[in-house]
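Chemist: One structure follows; several queries about it will come next.
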Amino acid sequence: MYNSIFKNRTEAAILLVEKLKKYKNSNSVVLALPRGGVPLGSEIAKTLQLPLDIVLSKKIAHPSNKEFAIGAVSLDSTILDEHPEIDKIYIENEIIRLQNVLREKYKLYRGDRKPIEIKGKNTILVDDGIATGNTLLVTLEMLRKQGAAKIIVAVPVLSYNTVTIIEDQTDEFHYLIASKHFKSVGEFYEDFRQVDDEQVIQILNTS
């Protein structure tokens, strides 16, 4: 297990891809979670000689604390924690609003390109780290609905408390650091500068 701080996302991807070598030139696809997961996904896809695409989901924020997630949504899946005090109309409206945002983001990132077909393929889902795992879980549900043959999650770092949650929902789960003192993904990188939309578009256009 890797027990240090990564220099940047590229170094994290180089270390992580060692766990995925068996998928090189296979019937597989790499899906990255924008924006931070895209540089890692690009490095992993190039090394494994696999196609790269993106997959999007959004957290549903608590109405009185936007930093606190009460669930997550993708284009065709929703995961919600139990919060009976929250108005159902708020949740329904947020799901509609967030799904519209996701459609706009897909159009921005992909342009006229069609999404890569994942039905019957090994799907390697990549991000730069996992905090609560809510947005990842809703993404996994979406991939199952789309018929992925096998779902592999690969991340450099996550909270120790999240490991079992993710393991239970995947066919394979690969990580380098599971911290019992996890505060944020960024604390495990020397260089954790923000990845902007233009970088995501450029990476996808050259993949």
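The values are calculated or read from the model by the stated rules, or taken from the named source; none is laboratory data. Given the structure is predicted, the values throughout are model-derived calculations rather than measurements. Don't worry about glycine lacking a Cβ; one is built from the backbone with ideal geometry, like all the others, and counts go over all protein chains shown.
Chemist: Can you name the residue in segment 64-76 that is farther than 30 Å from GLY147 by Cα and either outside any strand (DSSP E or B) or among the polar types (S, T, N, Q) (or both) and, of all such residues, is modelled with the highest pLDDT?
Modeler: Let us first name the residues in segment 64-76 that are farther than 30 Å from GLY147 by Cα, namely 64-68.
Now restrict to residues that are either outside any strand (DSSP E or B) or among the polar types (S, T, N, Q) (or both): 64-65.
Working: SER64: 89, ASN65: 85.
It comes out as SER64.
Chemist: Let me ask another. With respect to PHE192, determine if the residue is in the same structural domain as GLY37 (by TED's automatic domain parsing), in contact with a Gly (Cβ under 6 Å, 6 or more places away or on another chain) and either under 17 Å from ARG9 (Cα atoms) or not in a helix (DSSP H, G or I) (or both).
Modeler: Answer is yes for this residue.
Chemist: Can you find a residue in segment 177-187 that is loosely packed, with under 13 Cβ neighbours inside 10 Å, at pLDDT 95 or above and either more than 14 Å from the chain's Cα centre (by Cα) or among the polar types (S, T, N, Q) (or both)?
Modeler: no
Chemist: Any idea which of (1) under 17 Å from the mean Cα position of the chain (by Cα); (2) surrounded by 17 or more Cβ atoms within 10 Å (Cβ to Cβ) is the one GLU172 doesn't satisfy?
Modeler: Of the numbered conditions (1) under 17 Å from the mean Cα position of the chain (by Cα); (2) surrounded by 17 or more Cβ atoms within 10 Å (Cβ to Cβ), the odd one out for GLU172 is (2).
Chemist: Say we look at segment 94-134 and pick out the residues that are part of a helix (DSSP H, G or I) and of a type in the set (Asp, Glu); which of these is surrounded by the fewest Cβ atoms within 10 Å (Cβ to Cβ)?
Modeler: Among those residues, the one meeting the criterion is GLU104.
Chemist: Give ILE79, ILE91 a once-over and let me know the one that is part of a strand (DSSP E or B) and either more than 30 Å from ASN205 (Cα to Cα) or modelled with pLDDT under 90 (or both).
Modeler: From the options ILE79, ILE91, the qualifying one is ILE79.
Chemist: Here's another thing I want to ask about it. Please verify whether ALA69 is in the same structural domain as PHE188 (by TED's automatic domain parsing) and over 25 Å from GLU11 (Cβ atoms), treating the condition exactly as stated.
Modeler: Taking the combined requirement at face value, the residue does not satisfy it.
Chemist: Do we find a residue being among the hydrophobic types (A, V, I, L, M, F, W, C) and farther than 24 Å from LYS21 by Cβ anywhere in segment 109-118? So that I can check it myself, show each step before the final result.
Modeler: Filtering segment 109-118 for residues among the hydrophobic types (A, V, I, L, M, F, W, C) gives 116, 118.
Retained after the next criterion (residues that are farther than 24 Å from LYS21 by Cβ): none.
No.
Chemist: Within segment 40-63, how many residues turn out to be part of a loop (DSSP other than H, G, I, E, B), in the same structural domain as TYR189 (by TED's automatic domain parsing) and over 24 Å from LEU108 (Cβ atoms)?
Modeler: So the answer is 1.
For (1) small (Gly, Ala, Ser); (2) under 29 Å from LYS7 (Cβ atoms); (3) in the same structural domain as THR47 (by TED's automatic domain parsing), each residue gets a yes or a no:
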{"site": "ILE89", "(1), (2), (3)": "no, no, no"}
{"site": "GLU92", "(1), (2), (3)": "no, no, no"}
{"site": "ILE96", "(1), (2), (3)": "no, no, no"}
{"site": "GLU104", "(1), (2), (3)": "no, no, no"}
{"site": "LYS121", "(1), (2), (3)": "no, no, yes"}
{"site": "GLY133", "(1), (2), (3)": "yes, yes, yes"}
{"site": "GLN146", "(1), (2), (3)": "no, no, yes"}
{"site": "VAL163", "(1), (2), (3)": "no, yes, yes"}
{"site": "ILE166", "(1), (2), (3)": "no, yes, yes"}
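Chemist: Another one. Can you work out which of the residues in segment 38-75 that are in contact with a strand residue (DSSP E or B) (Cβ under 6 Å, 6 or more places away or on another chain) and free of Cβ contacts under 8 Å to residues at least 60 places away in the same chain is surrounded by the fewest Cβ atoms within 10 Å (Cβ to Cβ)?
Modeler: Residue satisfying both the conditions and the ranking: PHE68.
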